[in-house]
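Everything below concerns the one structure shown next.
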Amino acid sequence: MSLDLTKVASQVGGLLTRLKEGLSERNEHLRNALSTAHSQAENLENLKKKIAASRTTWLVADLTDGLDLHFEPLPLPVDYSVIATDGSHIDVDRHRAARCFLINIGSVVLHYGTSPDAILDSHPELFVSEDELVISQPETNREQPIEGTLLGIKRSVDECRRLVDLAAEQPAGNSTVALVDGTLILWGLEGYPEFVGEKLLDEGFLDCLNQLRKLNDDRQVALASYISLPRGTDVVNTLKVALCPNNPLDTDKHCKECTTRDCNSVSGIRDRELFAGILGDGERSALFITQSSVVAKQYGEHRIYFYYINVDGEIARVEIPEWVARNEELLALTHSLILDQCRRGQGYPVALSEAHEQAVVTSADRENFWQLVENALADEKIQTYTSAKARSKNTRWV
């Protein structure tokens with residue numbers, strides 16, 4: 001039986017009432033956040049010291065050059081390229097006849113200027129051997145199956161590997177921005193054994209970042225990730241630290257004893273709402289540094305910086321590694337080319353849109369894939385077993 005929307009409709013009225021009730025308070029909090037951001041601009045060094053000394057249970061952005069700064073994009077180069085990758089996958093399914101997974105990486109190379117060109121491609125790869133389906137540590141005889149969240153992380157690494165290959169193919173002297181969708185922070189690795197992180201992060205993702213950085217010896221290659229409609233509150237949390245009377249702040253200790261709750265004056269506001277009141281169309285914000293524990297412990301010289309950008313009224317988050325952030329030309333290149341891509345792509349980078357189209361795996365594709373596998377096994381008379389649950393789903397009862 002499908003969802004009975006008639007039973008849900010009566011509950012939607014309560015949702016609307018709650019949203020209307022909170023609108024006035026939310027607007028007041030936004031005004032407070034903007035006022036605090038502007039006022040702290042004159043006290044930046046003291047705030048940076050307070051952030052460094054404080055201990056918080058929420059993620060606080062580290063500051064570089066300001067809070068309320070805004071920068072116009074530089075003119076586009078005469079000739080430039082944008083490369084992008086995206087991926088989809090078919091996960092391991094224990095109810096199916098064979099244990100395997102598939103990763104499909106879509107890639108796009110767009111050349112602009114005197115010799116415009118576009119190259120679109122996809123690369124599906126099937127993983128079937130035991131060595132491919134697990135990450136192992138032979139010396140301790142430990143194994144971690146690659147499925148679920150971990151498969152998503154492996155796919156991100158493979159997307160970045162493909163990006164390295166594409167960047168290396170660009171001619172010397174070329175200006176290129178290499179784009180991926182989503183964050184550069186492999187959040188999902190938290191909680192996995194250390195040898196898993198070494199394989200996917202140290203030997204995988206960070207190795208790709210090293211290779212991309214080295215390509216800058218004879219060309220410009222700037223790596224960036226694009227997050228549409230971001231949910232982050234890192235910068236707003238910085239304002240909370242500024243508003244707190246305790247210096248340094250220890251949330252585990254001070255928040256229990258606090259009676260004034262000064263930080264509540266900006267609660268519920270997301271970074272994108274804050275910067276919608278700071279940035280003009282096409283402008284980017286100041287640079288900020290993530291203080292994610294994953295990045296702090298493992299990323300080293302590839303520490304992740306980020307900024308916000310106003311694209312026709314939508315505030316997006318752009319993440320870049322430190323070697324891009326500290327290079328003014330590469331930083332400006334990401335700003336100008338990402339903005340141009342968004343304007344060409346109805347508010348979203350056209351290269352990422354096309355890469356997604358190359359990578360997407362539909363529900364029909366998944367069923368056709370498993371049918372192909374099962375037919376191949378049957379043709380070879382290889383005995384297989386599927387679960388009763390899988391058979392039940394494929395049987396019409398009424």
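Every read-out reported here was derived from the displayed coordinates using simple, explicitly stated rules and does not represent laboratory data. Worth saying up front: this structure is predicted, and the values here are computed from it rather than measured. Cβ placement follows ideal geometry from the backbone for every residue including glycine, while neighbour counts extend to all protein chains displayed.
Taking Cα centre as origin and charging only the Cβ of basic (Lys, Arg, +1) and acidic (Asp, Glu, -1) residues, the dipole magnitude of the range 1-157 rounds to 820 debye. Note on the chain: antiparallel DSSP beta bridges, both residues inside, total approximately 75 percent of the bridges counted. Placing +1 on each Lys and Arg Cβ and -1 on each Asp and Glu Cβ, with no other charges, gives the chain a dipole about its Cα centre of roughly 1580 debye. For the range 44-161, the convex hull drawn through the C-alpha positions has a volume of 226 cubic angstrom per residue.
Going by how many other beta carbons lie within 10 Å of each one, how would you line up Y192, Y299, Y307, fewest first?
Details: Y192 17, Y299 21, Y307 24.
If I rank by nearby Cβ atoms, fewest first, I get Y192, Y299, Y307.
The range 311-346 and the range 213-291 have Cα centres separated by 17 Å. Were the residues from R26 through D250 laid out at 0.36 nm apart, the gain over their Cα-Cα distance would be 78.0 nm. When every Cα-Cα distance of the range 207-344 is counted in 5 angstrom steps from zero, the calculated P(r) takes the values 2, 9, 17, 18, 17, 14, 11, 7, 4, 2, 0, 0 percent. Computed over the range 106-168, the quotient of the alpha carbon radius of gyration and 2.2 N^0.38 Å is 1.58.
About the Cα centre of the range 57-142, what is the dipole size in debye to 20, counting +1 per Lys and Arg Cβ and -1 per Asp and Glu Cβ, all else neutral?
Values: 4 positive and 15 negative charges, 94 e Å.
For the range 57-142, the charge dipole is close to 460 debye.
Viscosity 1.306 mPa s, temperature 10 °C: what is the translational diffusion coefficient of the range 220-289 from Stokes-Einstein with a Kirkwood Rh over Cα pairs, rounded to a whole number of µm²/s?
Working: Rh = 14.4 Å.
The calculation lands on 110 µm²/s.
Using a Förster distance of 56 angstrom, determine the FRET efficiency expected from the C-beta separation of K49 and L5, and round it to 0.05. Plugging the Cβ-Cβ distance into 1/(1 + (r/R0)^6) gives 0.55.
Just how far, in whole angstrom, is the range 83-105 from the range 138-170 if you go by their alpha carbon centroids? Here the answer is 12 Å between Cα centres.
Dividing the summed -39500 (n - 2.57) terms of all DSSP H runs of n ≥ 4 by the residue count of the chain sets its mean residue ellipticity at 222 nm at -12500 deg cm²/dmol.
By the Cβ distance rule of under 4.7 Å, the chain has these cysteines without a partner: C100, C244, C255, C258, C263, C342.
For the range 134-220, how big is the tail of P(r) above 17 Å, as a whole percent of Cα pairs? The calculated P(r) of the range 134-220 puts 52 percent of pairs beyond 17 Å.
Counting only C-alpha contacts under 8 Å and six or more residues apart, can you give the relative contact order of the range 279-372 as a whole percent? Show your work: numbers first, answer last.
Values: 98 pairs, mean separation 18.2, N = 94.
Across the range 279-372, relative contact order equals 19 percent.
Could you work out the relative contact order of the chain? I mean the mean sequence separation of Cα pairs under 8 Å and 6+ apart, divided by the number of residues, in percent.
Values: 663 pairs, mean separation 97.2, N = 398.
That works out to 24 percent.
Both numbers refer to the Cα atoms of the range 249-321; Rg and Dmax are 15.9, 44 Å. The label point for N368 and the one for D165, both projected 7 Å from the Cα toward the Cβ, are 2.3 nm apart. Of the residues D271, D158, D252, D121, the one with the fewest other Cβ atoms within 10 Å heads the list, and the complete ranking is D252, D121, D158, D271.
Remark: W370, W58 ranked as W58, W370, counting other beta-carbon atoms within 10 Å and listing the fewest first. Percent of Cα pairs in the chain per distance bin of 20 Å, from zero to the largest separation: 23, 49, 26, 2. Cβ-Cβ distance of R99 and D202, R₀ of 22 Å, FRET efficiency by 1/(1 + (r/R0)^6): the value works out to about 0.20. Quick note on the range 1-111: its Rg to Rh ratio, both from C-alpha atoms and Rh being the Kirkwood radius, is 1.16. Here the simple spin-label model places points 7 Å from the Cα toward Cβ, and for L19 and D65 these points are separated by 3.8 nm.
Answer rounded, prolate or oblate for the range 72-135, using the Cα gyration tensor with square roots of eigenvalues a ≥ b ≥ c: rounded when a/c is under 1.5, else prolate when a/b is larger than b/c, else oblate.
Details: a/c = 4.30, a/b = 3.30, b/c = 1.30.
Taking the square roots of the gyration eigenvalues as a ≥ b ≥ c, the range 72-135 is prolate.
Scattering from the range 156-277 was approximated by placing one identical point on each alpha carbon and applying the Debye formula without solvent; log10 I(q)/I(0) at 0.15, 0.23 1/Å stands at -0.87, -1.18.
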